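Here is the structure we will look at, set down as structure tokens.
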Amino acid sequence: MSPKISILIPAYNVEKYIARCLDTIVGQTFGDIEIVIVDDASTDGTLGIIEDYASRDSRIKVIRHPENMGLVWVRNTGIDASTGDYIMFADSDDTMDLTICEKLYNKAVEEDADLVICGYNRVSPGRVRPVPFRLNYGSSVYGITKALIEDEVWPSLWGKLFRADLLKDHPIPKIKNYNMREDVLIFNSILPYIKKAVSIDECLYDYYCNPESITTVKDARKYVEGIMRESSILLKSSKIDDGLFYDAESRAIKQMYSALYQCGDRRLIVELARSYGLDYLLSFRSLRKRLSLRKTIVRWLAYRFDLASWYIRR
């Protein structure tokens with residue numbers, strides 16, 4: 001019989017953290033799980049640690065890429081190899097509450113839900129900050145999309161339980177060496193197919209703010225292109241409702257300006273926005289529909305004349 005839950009873990013040069021992560025997974029109170037670890041051609045001792053755990057726990061399945069393929073590819077490899085009724089994701093430098101599988105699975109069965117979401121603890125040196133996730137706009141695709149737009153839920157893959165069919169039956173982009181915000185890309189890709197999502201008012205996942213994490217390394221072009229691709233996918237999902245689409249456009253504008261402040265390269269923003277058909281959102285008219293005249297002028301000037309640092313001071 002197939003396991004109830006497959007837990008998918010990407011691993012690349014995480015010998016400092018992977019044992020901490022695995023200890024909280026093999027020790028789950030819900031035992032009917034398989035643990036699929038995809039090593040993306042690590043060059044440190046990561047693989048040896050994983051194989052040692054696998055030798056002691058038959059639920060662990062280890063897959064090794066012969067070359068580094070990036071996080072989107074790794075996620076797809078794990079999804080293809082999983083056999084569980086539901087799928088969870090864990091990042092290799094994070095940990096989970098020992099009851100997370102039990103609580104999320106029971107909620108999924110009780111509510112017949114495609115997706116169950118819990119809050120998380122943001123762990124940084126000397127501080128743990130609980131961050132709850134709630135679906136205040138309902139359990140439908142409209143509700144989850146609205147919650148994403150309003151930042152009441154993050155489009156992360158961790159801290160969530162997905163019905164396996166969501167990830168296996170719908171196309172997820174296979175992009176090599178795509179490492180930044182890849183979870184947002186995947187989550188937004190399956191968003192239109194979520195029929196029912198529910199949340200648990202507990203913080204059961206520990207997200208560690210690790211300065212060595214691959215997602216903290218900024219490549220300007222990849223970072224901006226990721227935002228454009230995510231925004232494009234979210235806009236398509238939001239067409240189910242005019243108000244939702246307007247909100248998604250507003251979020252896309254906010255993210256594009258955030259990208260401008262991050263990289264300070266207007267030409268790059270314009271080039272990639274145009275390639276995804278989003279450049280219309282940067283127009284004066286588009287901004288004026290959403291902002292006061294003063295804020296519109298300030299933002300548009302910052303964008304038009306590449307004055308990101310000037311805008312930040314305002």
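The values are calculated or read from the model by the stated rules, or taken from the named source; none is laboratory data. Bear in mind the structure is a predicted one, so any value in this text is a computation, not a measurement. Note that each Cβ is placed from the backbone with ideal geometry, even for glycine, and that neighbours are counted across all protein chains shown. Each accessible area value is taken on the protein alone, full model and side chains, heavy atoms only, with ligands, DNA and RNA left out. Shrake-Rupley method; radii C 1.70, N 1.55, O 1.52, S 1.80 Å.
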> Only one of these conditions is not met by Tyr246: (1) of a type in the set (Ser, Thr, Tyr); (2) within 17 Å of the chain's Cα centre (by Cα); (3) at pLDDT 90 or above; (4) surrounded by fewer than 16 Cβ atoms within 10 Å (Cβ to Cβ). Which number is it?
Replying inline: (2)
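Is it fair to say Ile33 is in contact with a Phe, Trp or Tyr (Cβ under 6 Å, 6 or more places away or on another chain) and among the β-branched types (Val, Ile, Thr)?
When the stated conditions are applied, Ile33 does not pass them.
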>> Looking only at segment 107-146, filter to residues that are of a type in the set (S, T, N, Q) and not in a strand (DSSP E or B); which one of those is most open to solvent (accessible area, probe 1.4 Å)?
In response: Asn136
>> For segment 81-106: of the residues being part of a helix (DSSP H, G or I) and open to solvent by less than 30 Å² (accessible area, probe 1.4 Å), which is nearest to Tyr205 (Cα to Cα)?
In response: Ile100
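Residues that are part of a loop (DSSP other than H, G, I, E, B), under 19 Å from Ile172 (Cα atoms), free of Cβ contacts under 8 Å to residues at least 60 places away in the same chain and of a type in the set (D, E, K, R): does segment 22-40 have at least one?
yes
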> Exactly one of (1) closer than 21 Å to Arg163 by Cα; (2) assigned to a helix (DSSP H, G or I); (3) open to solvent by 20 Å² or more (accessible area, probe 1.4 Å) is unmet by Gly48. Its number?
Replying inline: (1)
> Does Leu204 satisfy being of a type in the set (A, V, I, L, M, F, W, C), at pLDDT 80 or above and surrounded by fewer than 21 Cβ atoms within 10 Å (Cβ to Cβ)?
Replying inline: yes
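Matching residues to (1) on the phi > 0 side of the Ramachandran plot; (2) more than 23 Å from the chain's Cα centre (by Cα); (3) assigned to a helix (DSSP H, G or I):
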| residue | (1), (2), (3) |
| --- | --- |
| Val224 | no, no, yes |
| Ser258 | no, no, yes |
| Leu291 | no, yes, no |
| Ile297 | no, yes, yes |
> Pro66 is checked against (1) in contact (Cβ under 8 Å) with a residue 60 or more places away in the chain; (2) under 22 Å from Pro173 (Cβ atoms) and fails just one. What number does that condition carry?
Replying inline: (1)
